[in-house]
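For reference, the structure is listed below as structure tokens.
The values are calculated or read from the model by the stated rules, or taken from the named source; none is laboratory data. The shown structure was predicted, so the numbers you read here are calculated from the model rather than taken from an experiment. Ideal geometry is used to build each Cβ from the backbone, glycine not excepted, and the neighbour counts take in all protein chains shown. Surface areas here come from the heavy atoms of the whole protein model, side chains and all, with no ligands, DNA or RNA. Shrake-Rupley method; radii C 1.70, N 1.55, O 1.52, S 1.80 Å.
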Amino acid sequence: MTKPIGIFDSGIGGLTVAREIITTLPNEDVIYFGDTARVPYGSKSKETITRFSKEIVEFLLEKGVKLIVVACNTASSNALSELKSVYKNIPFVGVINPGVKKALSVANRVIGIIGTKATIGSAIYSTALGDKYRVIQKACPLLVPIVEEGLVEKSFTEEIVEFYLYSLKRERVDTLILGCTHYPMLKSVIQNVMGSEVKLVDSAVEVARFVRILLNKKDIKNDSRTPKYNFYFSDITGNQNTLVERFLGRKVELSKITLD
Ligand code: DGL
């Protein structure tokens, strides 16, 4: 099937998911939409996140996508169930369940989750994880701007990560879900702070695996030898090209589009 995969996020963070999908499924066309004009979603209400997400889904449907990946933890936790019930004819893949599945398969005793305020506030991860393990959650709102400002390597970043992860370490978390698109960019700092024995669950990797399985199951795989990639953003500002390249691991052309 030659239709593209649609991927969306509140901004550039979902490119960590797009990157894994492009690597795992190199014959698929991809249309990415990042809502950079309205980011962050992490501090917004469920109603607003759902309204924005619906507008983006309409845009992707117009582009003729065959599947939509909600590559944003905040949108997956606050809007995905509504999207699934409104748009019944298109399969959706969110970032929550693949991460939960992986965590349940590797955890020993205590699972930690870190994410934006809206993701942690939705309690979606703890609900999906059930009660087999102890679950400790923590919202880490400063981590998104740190990544976007290119401050990952700074020494104060490790201190901030330590501050946020203190309670998770104290409770001896053995498996930690990186419940935000930006956190894979902080993986080595987080691993350092938590200790090498703690297993980090990178939702981006798990989502790409999940998408591959779904395409096979539904028999809607593409075998394009020269896949097409389109990257749309609702705003494009000064250093966005650099940021996109850092998240995606390659240079691409960016298109600006205003959603009506
Ligand atoms: N993409 C969001 C997430 O994964 C982080 C950025 C935001 O707050 O919009 O939760």
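If you place +1 on the Cβ of every Lys and Arg, -1 on the Cβ of every Asp and Glu, and leave all else neutral, what size is the dipole of region 1-122 about its Cα centre, to the nearest 20 Debye?
380 debye
Determine the shape class of the chain: with a ≥ b ≥ c the square roots of the Cα gyration tensor eigenvalues, call it rounded for a/c under 1.5, and otherwise prolate if a/b is greater than b/c, oblate otherwise.
The shape class here is prolate.
Report the label-to-label distance for VAL106 and GLU158 in nanometres (one decimal), using points 7 Å from each Cα along the Cα→Cβ vector.
The two pseudo-label positions are separated by 2.3 nm.
Counting only protein chains, not ligands or nucleic acids, how are LYS228, LYS251, LYS46 ordered by accessible area (probe 1.4 Å), most first?
Reading off the accessible areas and sorting them downward yields LYS251, LYS228, LYS46.
How far apart, in nm, are two points set 7 Å out from the Cα along the Cα-to-Cβ line at THR24 and at LEU61?
In this crude label model, THR24 to LEU61 measures out at 2.6 nm.
Among the lysines, which have Cα under 19 Å from the Cα of LYS221 when same-chain residues fewer than 8 positions away are ignored?
Hits, sequence-local ones excluded: LYS3, LYS63, LYS66.
Report the full-extension gain for the segment LYS228 to THR48: residue separation times 0.36 nm, less the Cα-Cα distance, to one decimal in nm.
61.7 nm
Once every DSSP H run of n ≥ 4 in the chain is given -39500 (n - 2.57) and the sum is divided by its residues, what mean residue ellipticity at 222 nm do you get, rounded to the nearest 500 deg cm²/dmol?
Result for the chain: -13000 deg cm²/dmol, rounded to the nearest 500.
Beyond 18 Å, what percent of the Cα pairs of region 97-186 remain?
43 percent
Expressed as a whole percentage, what fraction of the accessible surface of region 51-156 belongs to carbon and sulfur atoms when a 1.4 Å probe is rolled over the protein heavy atoms?
Solvent-exposed carbon and sulfur of region 51-156 make up 49 percent of the total.
Under a point-charge model restricted to the Cβ atoms of Lys and Arg (+1) and Asp and Glu (-1), what is the dipole moment magnitude of region 76-168 relative to its Cα centre, in debye to the nearest 20?
620 debye
Give the calculated FRET efficiency between SER255 and ASN216 to the nearest 0.05, with a Förster radius of 41 Å applied to their Cβ-Cβ distance.
Computed FRET efficiency for SER255 and ASN216: 0.85.
Using the Cα gyration tensor of region 172-260, with a ≥ b ≥ c the square roots of its eigenvalues, what is the shape: rounded (a/c below 1.5), prolate (a/b larger than b/c) or oblate (neither)?
oblate
With every protein chain present, what accessible area does LYS63 have (1.4 Å probe, heavy atoms only), rounded to the nearest 10 Å²?
Counting only protein heavy atoms, the figure is 80 Å².
In whole Hz, what ³J(HN,Hα) sequence does region 62-79 give by Karplus (6.51, -1.76, 1.60; θ = phi - 60°), x for Gly and Pro?
Whole-Hz 3J(HN,Hα) from phi for region 62-79: 4, 7, x, 6, 9, 7, 10, 9, 8, 8, 9, 4, 5, 5, 4, 7, 9, 10.
Rounded, prolate or oblate: which one fits region 1-123, using the alpha carbon gyration tensor with axes a ≥ b ≥ c (rounded when a/c is under 1.5, else prolate when a/b beats b/c, else oblate)?
In terms of gyration-tensor shape, oblate.
Quick check: net charge around VAL100, other residues with Cβ under 12 Å of its Cβ, Lys/Arg +1 and Asp/Glu -1?
Taking every Cβ under 12 Å from that of VAL100, the sum is +2.
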